[in-house]
Amino acid sequence: MNNKKWLIPILPYLAVWTGIFLFKNAWFAMIGFHVSILIMIAVVRPNIPINIFFKSKHSQWALMNVLICSASGIALYFLWNLFGIVPDLSAQLGSLGLNSPVSWFLFIVYFSLVNPL
């Protein structure tokens with residue numbers, strides 16, 4: 001197993017690639033990204049207690065991360081033309097498994113609250 005540890009740091013990137021390009025599903029990419037990070041931590045640092053993810057000596061950093069992740073969606077909306085986003089974003093989101101307003105909203109909430117951790 002030690003000779004394959006070089007593969008562990010690229011697992012999150014492989015999970016996102018697999019989710020977007022192979023399965024064409026944003027949920028698979030995002031959850032795969034987070035699961036692969038947890039696997040990476042479990043293999044590389046197996047003695048880290050789980051509750052460390054929910055404790056912070058700097059709670060203002062956690063709040064700032066949540067706000068930045070939330071604001072990225074708003075910025076994306078206002079910078080739509082600058083980034084060259086496709087004209088029919090709803091069709092592209094639908095092709096990634098975000099084909100209903102509820103799934104899109106839940107994805108935004110998940111991205112804003114879980115991703116900063």
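The values are calculated or read from the model by the stated rules, or taken from the named source; none is laboratory data. No experiment lies behind these values; they were computed from the predicted model shown. So basically every Cβ, Gly included, is an ideal-geometry build from the backbone, and we count neighbours across all protein chains shown. Accessible surface areas use protein heavy atoms only, side chains included; no ligands, DNA or RNA. Shrake-Rupley method; radii C 1.70, N 1.55, O 1.52, S 1.80 Å.
A few points about this structure:
- Residue in segment 19-30 that is in a loop (DSSP other than H, G, I, E, B) and farther than 23 Å from Ile108 by Cβ present: no
- Within segment 8-45, the residues that satisfy the criterion of being among the β-branched types (Val, Ile, Thr) and under 13 Å from the mean Cα position of the chain (by Cα) are Val16, Ile20, Ile31, Val35, Ile37.
- Taken together, Leu98, Leu38, Leu106 contain a single residue that is hydrophobic (A, V, I, L, M, F, W, C), at pLDDT 75 or above, under 27 Å from Asn25 (Cβ atoms) and in a loop (DSSP other than H, G, I, E, B), which is Leu98.
- Any hit, segment 29-37, residues being open to solvent by 80 Å² or more (accessible area, probe 1.4 Å) and out of contact with any Leu (no Cβ under 7 Å at 6 or more places or on another chain): no
- The C-beta contact set for segment 56-68 (first residue within 9 Å of Pro116 (Cβ to Cβ), second residue outside any helix (DSSP H, G or I) and open to solvent by less than 100 Å² (accessible area, probe 1.4 Å), distance under 6 angstrom, 6+ apart or interchain) comprises Ala62/Ser56; Asn65/Pro116; Val66/Pro116.
- Of Val43, Val86, all but one fail to be modelled with pLDDT of 75 or more and open to solvent by less than 100 Å² (accessible area, probe 1.4 Å); the exception is Val43.
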